[in-house]
Amino acid sequence: MSTSESRNGLIIRPIRREEIPRLVEIIRNSFLTVAEELKLSPETSPRFTGFSISEERLYYQYDVEKRVMLCGEIRGETAGYYSLSNPKDGECEINNLSVLPEFRHRGIGREFVFDGIERAKHAGCGSVTVSIVDTNLRLRRWYEGIGFRYEKTEKFPGFDFTCGEMRMELGR
């Protein structure tokens, strides 16, 4: 699988290494709206993606992990990004799903999730996971509406909140 185009004109394609600086901006801008809404700050939650994402981290994922990293474009303008972890124990994880505020409510996030599910199936994964801020009930309901189920809650250092893990079993 490489590039796909959805009915809303979204083209999902693998990123190019030289796009990483712009993608860091997109991830930050997307996650910062969540930080504002949930009243998170760099002091209380320094590991929150909106505060901790960096070019170095994405270069590592690209160069070393060889992670599947994709962006979505509408009419040539980058609207968002997500990555899919390499299969581990038959499981893939959707990471850093980001849609810029001006492109939200057009089904782009949903298209990213469905694209990730198809790529995970193609990679031989039996399930897909995603981690969310546990108190973000709107996002939790959104993922549940797609078919994910809430599995567990974990507290990690560097976060002023608990993380919730959601999972979807994939029928192969």
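To keep it simple, each residue is scored yes or no on (1) assigned to a loop (DSSP other than H, G, I, E, B); (2) closer than 16 Å to residue 130 by Cβ; (3) touching a helix residue (DSSP H, G or I) at 6+ places or on another chain (Cβ under 6 Å); (4) modelled with pLDDT of 95 or more.
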| site | (1), (2), (3), (4) |
| --- | --- |
| 51 | no, no, no, no |
| 60 | no, no, no, yes |
| 72 | no, no, yes, yes |
| 116 | no, yes, no, yes |
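Kindly indicate the residue of the stretch 75-112 that is closer than 24 Å to residue 170 by Cα and of a type in the set (Ser, Thr, Tyr) and also modelled with the lowest pLDDT among those meeting that condition.
Residue satisfying both the conditions and the ranking: 85.
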Worksheet entry | Index of the failed condition, residue 41 passing every other in (1) over 26 Å from residue 87 (Cβ atoms); (2) touching a Pro at 6+ places or on another chain (Cβ under 7 Å); (3) not hydrophobic (A, V, I, L, M, F, W, C) | (2)
Practice prompt. Working only within the stretch 121-150, note down all residues that are within 18 Å of residue 87 (Cβ to Cβ) and either over 15 Å from the mean Cα position of the chain (by Cα) or assigned to a helix (DSSP H, G or I) (or both).
Written response: 121, 122, 123, 124, 125, 126, 127
Worksheet item: Quick check: is even one residue across the stretch 150-162 among the polar types (S, T, N, Q), touching a strand residue (DSSP E or B) at 6+ places or on another chain (Cβ under 9 Å) and under 21 Å from residue 12 (Cβ atoms)?
Response: no
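The values are calculated or read from the model by the stated rules, or taken from the named source; none is laboratory data. All values reported here derive from a predicted model rather than from experimental measurement. Cβ sites come from the backbone with ideal geometry, for glycine too, and all protein chains shown count toward neighbours.
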